[in-house]
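Chemist: Starting off with a structure, shown below.
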Amino acid sequence: MKLAAVCGSGLGSSFMVEMNIKTILKELGLEDIDVQHYDVGSAAPELADMFFVGGDLADSTTHLGNVTVLDSIIDMDELREKVTAVVKDAGLLA
């Protein structure tokens, strides 16, 4: 499975969300999932199974297919809840 964080420039906020997703996956014992970050212009549907984006980019990322919108990109509890749901839906976590 591949997960990706997307932001406007592909630098600060998407990298932070990528690192936070990796931390959460490690807590869940799922360290074999690939996590990357992209800017909205470079992100493409084939690059990940699920894309995590801030609410400000929800309308600009519909072309990516599977998108999880984050109300707050700095809220670890929200991110933990949404990452856990994604990996459960994928059958990777009981």
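Chemist: Leaving out ligands, DNA and RNA, what percent of the accessible area of the chain is carbon and sulfur, probe 1.4 Å?
Modeler: 51
Chemist: Let me ask something additional. Filter the GluC sites (Glu not before Pro) in the chain down to the DSSP loop ones having no more than 10 other Cβ atoms within 10 Å, then list what survives.
Modeler: Passing sites in the chain are 31.
Chemist: Straight-line reach from residue 82: which aspartates and glutamates have a Cα under 16 Å away, not including same-chain ones fewer than 8 places off?
Modeler: Here the aspartates and glutamates satisfying the reach criterion relative to residue 82 are 18, 27, 49, 71.
Chemist: Taking amide H positions as placed in the peptide plane 1.01 Å from N, state which residues far from residue 35 in sequence (5 or more) or on other chains have amide H under 5 Å from it.
Modeler: 3
Chemist: Now, a different point. In Å², and per residue, what accessible area does the range 2-89 have when probed at 1.4 Å with the other protein chains present? The partial results should precede the final answer.
Modeler: On the way: 4550 Å² over 88 residues.
On a per-residue basis, 52 Å².
Chemist: Please report, in debye to the nearest 20, how large the charge dipole of the chain is about its Cα centre when each Lys and Arg carries +1 at its beta carbon and each Asp and Glu carries -1 there. Write down the numbers at each step before the final one.
Modeler: Numbers: 6 positive and 16 negative charges, 30 e Å.
Magnitude of the dipole: close to 140 debye.
Chemist: Quick one: grab the alpha carbon gyration tensor of the range 37-94, order the square roots of its eigenvalues as a ≥ b ≥ c, and give me rounded if a/c is under 1.5, else prolate or oblate depending on whether a/b is larger than b/c.
Modeler: Judged from the Cα gyration tensor, the range 37-94 comes out oblate (a/c at least 1.5, b/c at or above a/b).
The values are calculated or read from the model by the stated rules, or taken from the named source; none is laboratory data. Values in this document were obtained by computation on a predicted structure and should not be read as measured data. Cβ sites come from the backbone with ideal geometry, for glycine too, and all protein chains shown count toward neighbours. For accessibility, only protein heavy atoms count, side chains too; no ligands or nucleic acids. Shrake-Rupley method; radii C 1.70, N 1.55, O 1.52, S 1.80 Å.
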